[in-house]
Every structure is written in structure tokens, then in C-alpha cells.
Amino acid sequence: MESVLIEFENRLNQINTIETLAQLRSRYLGRNGVLKEMKTGANLKKLTAEERKQFGIQFNLLKSKIREMVENKQQLLGQGRPANRVDLTLPGERSKPGGLHPISQVQEEVENICLGMGFMVLSGSEMETDYNNFESLNTPADHPARDMQDTFWLDNGKLLRTQTSANQVQTMKKFGVPVRAVFPGKCFRYETTDATHENTFYQMEGLVVDENITIASVIAVMKRILSAVFGRDVTVRLRPGYFPFVEPAFELDIKCLICNGDGCSGCKQAGWLELLPCGLVHPVVLKNGGVDPDKYSGFAFGLGLTRLAMMKFKIPDIRLFNSGNLRFLEQF
Ligand code: DAH
């Protein structure tokens, strides 16, 4: 028995493929293998009962040893139990590519339209001075219009901008006139949130200052931008509004794209959707920007990018945008 084991071991040591291991296994453990032969060999008949019993014990030991050695070798050759096996037919793990946030998509789209109309695309600071955010925009400290925008004040005396309008005067000072620019960005208001209110949202401000800018210019430019955004001709109308930095100030509405003005649930039966405020730049603001209001005039608009994304993608709750919820974001 000893010699059988030694011989097996020697052969096993020379083996380095699964195929030859299988051959060796069947040679020893197979139906006509070495072990089977030992068990049925003629010599066995000559043994006494006691000797036969001893043989049986030794034989079983030998068999389980050989089995164990075959298994160990199998694992060593990388084809052990199924759990250790690499199944090359399994599909690979799919890595999900990232995508642009729906607001970024809308922002990029409007930026491109404006670039095509000769606008510069600028970005301002999210932390602003009181002067840029309010004072320069004809909104001094005691002005009631400040109540329209609850503000996050910072320890350093500055604030988180409540509106991208904060860039109007800075842009005129920096670039002079004539000027044509849009400034998209994040704005902040100290508000309680609900389905239509957020403390952090996106606007895109537009500013055009030149000679002979009139209300007709506002209508023409807004119509071009909005028709491109919605991919079809839109009808706009102006209603009077109020903002201290534009005079006259307007609320611009578009005719409902769903019912074409007849009234439906999308426009709450009004036939029109309130889209953005705009107006002619107030002479005080032009002066603050170093521009002569007797020679130049301008218009400004404040497009709510977050609102636009809600309309475009039919998103019912504004809070979804900043939720970081992947199940929401993966849809865009
Ligand atoms: N900044 C205003 C707001 O956030 C929106 C606005 C109104 C911007 C009129 C403008 C404008 O440029 O002309 O409520």
C-alpha cells in the first residue's frame, strides 16, 4: 500500500494540467483503476479473515488519501469547487456613464441659443455684497422690495445672492457699452420649501444695453430665445410688473403650448403661462454702471432656469432637483 501511495504521489507531482490530473484520477480511482484492481486481486483470497480486515482498513485510508490529494491538486490548478471558478460566459459588470443634471441641460441649451445671438455668457460670484445684489439695483436698505427676497446673510457682512441681477452693474462697469450678456447661476433665498419653492435654485439673467433699445427689442429677443427653447414658434404677451431696477417692468407670459390658448389643466385654464419677468433697465441702474441714460437704454430679463426645466421635463416638485436622488436623475 505504501508503495502505491508513493508512486501516486510521484506521478501527481509531475502533473500541471487539469486534463492530465483527470487521467491520473481515473487511472487510480476509476472503474478499472489501480485501487479497484487491488481490491479484486487474486492475492486477497489468500488472506485470513483478520488480515483481510486489516487490508480493508488500510485500503480505505489509501483511497481517501488519494481522493484528498486529487482535490487539493485540483484547487491548486485553479479549478476547485464551483465557487472558486471564474465563469467566462458571465456578462461583465456594466458601469453607468454619468449624465448632465436636467438644469445643466436646460442651461446649456439656452446658453447656446444666446451665444448664437451674440450674447456673452458670464458667471458671477454666489457670495455678493449688499451693493451688487440690492443697492446698485435701485433697492436701498429701507426699500420695501427687499421684503420680496428673504436673504441669507453671512458673518462677513456679505450675502448669498438672491438674484443673478447682482451682475448687471458689474457687467456694465467691466465691459462698458454696448453690451449683450447672459449670466446663469445659482441663487439662494431664505424660504420654506414646498413643491414650487426652493432655497437654492437657478436663474439666467440677460442684459442688453445699446442705443435705441425699446420694448420691441425685449419682445423680439425673448420670442427668438423661447421659440428655440421650446422648438416651435411661441406667442408672448407682456403684463405690467414691478421690480425696482427696471422701468417699465413686465411679466412675460407665453401662450400655453398644450392647449394653444384655449385653457387646459396645464395652464390652469388661463391659456397663458407666466414665464419670466423683464423690463427696460432703470436709469439709476444705468448710471450706477457708468452708462449715460440719456444716450443709452437697455433691457433685462430674469429667466428661472429651474422653472423652465420643470416645464420642459414636466417635473411636478422643485425639490427633486437638489435631492441627489439617482432614481430621479437617471431619467435624464
Ligand atoms: N431678479 C428678479 C428676481 O429674482 C427677476 C428679474 C425681474 C430680473 C426683472 C430682471 C428683470 O432682469 O428685468 O425676482
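The values are calculated or read from the model by the stated rules, or taken from the named source; none is laboratory data. Small disclaimer: the values here were computed from a predicted structure and weren't measured. All Cβ positions, even for glycine, are placed from backbone atoms using ideal geometry, and neighbour counts span all protein chains on display. The protein model used for the area step is the full one, side chains on, heavy atoms only, and it has no ligands, DNA or RNA in it. Shrake-Rupley method; radii C 1.70, N 1.55, O 1.52, S 1.80 Å.
Key figures for this structure:
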item: Segment 43-73, subset open to solvent by 70 Å² or more (accessible area, probe 1.4 Å) and of a type in the set (A, V, I, L, M), residue modelled with the lowest pLDDT; result: A49
item: Residues satisfying the stated conditions in segment 245-281, i.e. open to solvent by 10 Å² or more (accessible area, probe 1.4 Å), part of a loop (DSSP other than H, G, I, E, B) and more than 9 Å from the ligand (Cβ to nearest atom); result: L257, I258, C259, N260, G261, D262, G263, C264, K268, Q269, A270
item: Sole exception among (1) under 22 Å from T235 (Cβ atoms); (2) within 16 Å of the ligand (Cβ to nearest atom) for M311, by number; result: (2)
item: In segment 133-151, residue farthest from the ligand (Cβ to nearest atom) [restricted to those that are surrounded by 14 or more Cβ atoms within 10 Å (Cβ to Cβ) and more than 16 Å from P283 (Cα to Cα)]; result: H143
item: Residues (assigned to a helix (DSSP H, G or I) and loosely packed, with under 12 Cβ neighbours inside 10 Å) located in segment 1-22; result: E2, S3, I6, N10, N13, E19
item: Total residues in segment 196-212, condition surrounded by fewer than 22 Cβ atoms within 10 Å (Cβ to Cβ) and within 12 Å of the ligand (Cβ to nearest atom); result: 1
item: Scope segment 155-184; condition on the phi < 0 side of the Ramachandran plot, in contact (Cβ under 8 Å) with a residue 12 or more places away in the chain and more than 29 Å from the chain's Cα centre (by Cα); matching residues; result: K158, Q168, V169, Q170, T171, M172, K173, F175, V177, P178, V179, R180
item: Matching residues, segment 92-114, being surrounded by fewer than 11 Cβ atoms within 10 Å (Cβ to Cβ) and either among the hydroxyl-bearing types (S, T, Y) or at pLDDT 95 or above (or both); result: S95
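To keep it simple, each residue is scored yes or no on (1) modelled with pLDDT under 95; (2) within 14 Å of F301 (Cα to Cα); (3) within 34 Å of the chain's Cα centre (by Cα); (4) open to solvent by 20 Å² or more (accessible area, probe 1.4 Å).
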residue	(1), (2), (3), (4)
L122	no, no, yes, yes
T129	no, no, yes, yes
D194	yes, no, yes, yes
T214	no, yes, no, yes
